[in-house]
Amino acid sequence: MKQRKMIKLGGSIFEQLDSRYFKEWKDWCDAGHELIILHGGGPALSAYCETLEIESVFREGVRVTTEEVLLGAERVLGGEVQSKIVYQLNRSDLPAVGLTGIDGASIGGEQRQGLGAVGDIRFVDKTLFETLLGAGYIPVVTSLITGPSGALNSNGDTCAIAVANALDVDAFELLTDVEGVRLDGVYQAVVTREMLEGGIKTNEIHGGMIPKVEAVIEASKQGISDVRIRSGKYVTSQGTRVKEETDERITTNLSTS
Ligand SMILES: Nc1ncnc2c1ncn2[C@@H]1O[C@H](COP(=O)(O)OP(=O)(O)O)[C@@H](O)[C@H]1O
Ligand SMILES: CC(=O)N[C@@H](CCC(=O)OP(=O)(O)O)C(=O)O
């Protein structure tokens, strides 16, 4: 049966992504399944800001987005980063189309108070994504969304789970620069939602890992069966899988190479 997978490609990883992922995705698509990619680009945006001597300020992993930072986000996330990803996919025989949440007013929201042009997602209109998927394309989306008076900057992980929910995906995978979620000092192969919530409370899960963990908790609550945070550096990494509530099996092996 045809399955649908959402991959969130972290900005921390896309420059060092294991090229064998393209083969994994090609095999997935060749088997008749569908793929949608949502990408960030936080480090590239911070580098752009540094060049212009704009300070990058984050509050709990969320970038304070002044008007000049927003312009940078449009240039860097929707421009430079996205075209590189789309180019690489096309070159790997994976037909990709780059989009933001402004295209087709596909992702919309409200401005969050106190952080400048940061957007909280209120709706996802899946029409454009479904049209592209139905025509055999891989939508490659970044987390700029439609606000009441222009573009707003959203967190990539939060955006990924919102789109994944709207598209009713079967698998939700976040690729980042670490091999999974570290709890009690160890990268975990399988975790429960309770373990993740505990890790946020104790602060062992912090910074950019917080929106990822919140996204996988939400994915698990929505009943998505295959939910994981995985290293983009090694295609062999199985990462951290969120245990299904009904699944009693515990996997202990965590492989990276
Ligand atoms: N408990 C944790 N386990 C793993 N990584 C963590 C944890 N807490 C914080 N992190 C940090 O989260 C980072 C990944 O988040 P982020 O840099 O935003 O990635 P991305 O650009 O892929 O979205 C890791 O590099 C790591 O430093
Ligand atoms: C509001 C907010 O924080 N937006 C993020 C969007 C990019 C992102 O999420 O990039 P990663 O996937 O690399 O973390 C930012 O400006 O950095």
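Read the figures in this text as sums done on the coordinates, not as results from a lab. Note that the coordinates shown come from a computational prediction; the quantities given were computed from them, not determined experimentally. Positions of Cβ are generated from backbone atoms using ideal geometry, with glycine treated the same way; all protein chains shown enter the neighbour counts.
For the reader, a short list of remarks on this structure follows.
- Using C-alpha pairs under 8 Å with a sequence gap of at least 6, the mean separation divided by the residue count of the chain gives a relative contact order of 22 percent.
- The stretch 30-88 and the stretch 133-182 have Cα centres spaced 13 Å apart.
- Distance violations [Cα-Cα > 22 Å] among Lys2/Lys84; Lys5/Lys201; Lys26/Lys84; Lys84/Lys221; Lys26/Lys243: Lys2/Lys84; Lys5/Lys201; Lys84/Lys221; Lys26/Lys243
- At q = 0.12, 0.15, 0.16, 0.17 Å⁻¹, base-10 log of I(q)/I(0) for the stretch 4-242 (Debye sum, equal scatterers on each alpha carbon): -0.63, -1.02, -1.17, -1.33
- Among the GluC sites (Glu not before Pro) in the stretch 1-62, those located in a DSSP loop and surrounded by at most 10 other Cβ atoms within 10 Å of their own Cβ are Glu53, Glu55, Glu60.
- For Lys126, the aspartates and glutamates whose Cα falls under 12 Å of its own Cα, not counting residues fewer than eight places away in the same chain, are Asp103, Asp168.
- Karplus 3J(HN,Hα) series, Hz, for the stretch 138-152 with 6.51 cos²θ - 1.76 cosθ + 1.60 (x for Gly, Pro): 9, x, 10, 10, 10, 8, 9, 10, 7, x, x, 9, x, 6, 10
- Computed over the stretch 145-234, the P(r) tail beyond 15 angstrom holds 60 percent of alpha carbon pairs.
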